[in-house]
Amino acid sequence: MKKLLLAAFSLCVLQTLSAQTSKAPAGVAPTETNDPAAKKVLDNIRKKYEGYKTLEASFTLTIELPGQPKEVQKGTISQDGDKFRLEMDQQIIVSDGKTTWVYLKKNNEVQINDADPKDTENGFLTPKDLLKRYQKGDYLYALTDKATENGKLITYIEFKPKDKKSEYSKLRLSVDEKKGTVESIKAFGKDSSRYTFAIVKLTPNKKFTADQFTFDTKKFPGVKVEDLRM
């Protein structure tokens, strides 16, 4: 579930980056206050992405777990308001804003849940829901470094969760300031795991078909349906 939350969080950053700010010197890791220099970068990205009605992004997700070989998965994630669709190698998660479907490819099984916007604990969160946690100040952030990667000048912003019970010690956002785009997000787990979400291609204002944000069991012969809705 960690990898799914990371992907969803990444899209919400892409669409409507926004945060509060207070005085702190640039280049200092998050401590008790947020960094105005980091906020300036985030605001510039937010202004660009707020104008998009929909988004679709193809990505790679690199998973590094202690004692295990590195794993790289590919996927796509799309969003239209509260609706989203996340497709990866092993699963598909779809939500129309009211209902969420989690399809496990290996088991040919789909779990159906209510899309509860108030549920911030069980993992079935829309990108918009995760963004609300960010906006209300659940993270401290600071601009930590700048470096050239593949010919691009990349700015790094680190986010530290205020909740000491968070499964992550920090998140690192990589931004191409010249293009005004997010290049990647890396999550550092307290168990030494690492999850790197890298944007391959971003398509704004894409027109989606009517069935993009629903799950049609007829397209999956023999699928086992587990309805967990209340």
Return the residues of region 45-60 that are out of contact with any helix residue (DSSP H, G or I) (no Cβ under 6 Å at 6 or more places or on another chain) and in a strand (DSSP E or B); say none if nothing qualifies. Glu56, Ala57, Ser58, Phe59, Thr60
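Per-residue answers, yes or no, for (1) within 15 Å of Glu56 (Cβ to Cβ); (2) in contact with a strand residue (DSSP E or B) (Cβ under 9 Å, 6 or more places away or on another chain); (3) modelled with pLDDT of 90 or more; (4) among the hydroxyl-bearing types (Ser, Thr, Tyr):
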position: Gly180; (1), (2), (3), (4): no, no, no, no
position: Asp191; (1), (2), (3), (4): no, no, yes, no
position: Thr209; (1), (2), (3), (4): yes, no, yes, yes
position: Thr217; (1), (2), (3), (4): no, yes, yes, yes
position: Glu226; (1), (2), (3), (4): no, yes, yes, no
Residue tally, condition more than 18 Å from Thr33 (Cα to Cα) and part of a strand (DSSP E or B), over region 138-178: 12
Counted residues in region 65-83 being in contact (Cβ under 8 Å) with a residue 24 or more places away in the chain, surrounded by fewer than 16 Cβ atoms within 10 Å (Cβ to Cβ) and under 29 Å from Ala142 (Cβ atoms) come to 2
Among the candidates Pro25, Pro66, single out the residue that is at pLDDT 85 or above and over 29 Å from Trp101 (Cβ atoms). Pro66
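The values are calculated or read from the model by the stated rules, or taken from the named source; none is laboratory data. Note that the coordinates shown come from a computational prediction; the quantities given were computed from them, not determined experimentally. Heads up, the Cβs are rebuilt from the backbone with ideal geometry, glycines too, and the neighbour counts pull from every protein chain shown.
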